[in-house]
Amino acid sequence: MTVPGPVPKPVQVRPPGRILASITLILCAGAVFGSMNLWPVSGRIFNLLNFVIFAATALALLVVGVVWCFRTVKFLRSEQPWSWMVVTAPAVVAIGLVLALTLPEPSFERSRPKFDAFVATLPTAGPVSVEDHSIDAFDFSRITRYTDDTAIYFVDADTVFFRYTSGWIYSPGQPPPPPSNAELEYTSLGGTWYEFSMTYDF
């Protein structure tokens, strides 16, 4: 007579867990903050450094997505009782996507009071030279007023490309004429502020 051996217990297959959901949450938060320029690096999302970080975050999210798919398929095939942890990571991604599409992007008008407050800290006459400065979600490669000018140029760090720059001008009067080696275009934003673009003729 053969004595039956112990019946092996079925291997328990766990669904995607809290660790995967937490990593997804961190990566999605980084992507959303990056798209709003809220992380602590210079330049907005189109700046090279921010683009590299954003691309790395997106790649990490892709890897997490592949791991989630593998673990989810394995769990569903095991025919174990349903777990809501299966949908946690996709729900986090969906919420992050909605936030990225609906949250307002940084704008000069919303940040204008902080621009005015910064100008108030500067001397009213004479040269001004400030480099690598941020105001709200805007990063500037330089903030400049030349000796003979009354206008202050805020050069957006994300737009400096070879001969081209753009940003904003604070000028109590009309914007000054462009330098002899540059073509200046500007649009009044009301009051003392102007949005400008400048192309240098080297």
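The values are calculated or read from the model by the stated rules, or taken from the named source; none is laboratory data. A quick note: this is a predicted structure, and the numbers were derived from the prediction, not measured. All Cβ positions, glycine included, derive from the backbone under ideal geometry; neighbour counts span all protein chains shown. We work out accessible area using only protein heavy atoms, side chains counted, and drop any ligands, DNA or RNA first. Shrake-Rupley method; radii C 1.70, N 1.55, O 1.52, S 1.80 Å.
Okay, here's what the table says:
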quantity	calculated
Out of 115, 154, sole residue that is in a strand (DSSP E or B), in contact with a strand residue (DSSP E or B) (Cβ under 7 Å, 6 or more places away or on another chain) and within 29 Å of residue 32 (Cβ to Cβ)	154
Matching option when the condition is modelled with pLDDT under 80, more than 30 Å from residue 141 (Cβ to Cβ) and out of contact with any Gly (no Cβ under 8 Å at 6 or more places or on another chain), among 16, 6, 40	6
Residues located in the stretch 137-187, provided they are crowded, with 17+ Cβ neighbours inside 10 Å and at positive phi	167
Matching residues in the stretch 88-110 - criterion: being closer than 18 Å to residue 28 by Cβ, more than 16 Å from the chain's Cα centre (by Cα) and either touching a residue at least 40 places away in the same chain (Cβ under 8 Å) or open to solvent by 60 Å² or more (accessible area, probe 1.4 Å) (or both)	88, 89, 92, 93, 95
Hey, residue 75 in a helix (DSSP H, G or I), over 30 Å from residue 13 (Cβ atoms) and open to solvent by less than 70 Å² (accessible area, probe 1.4 Å) or not	no
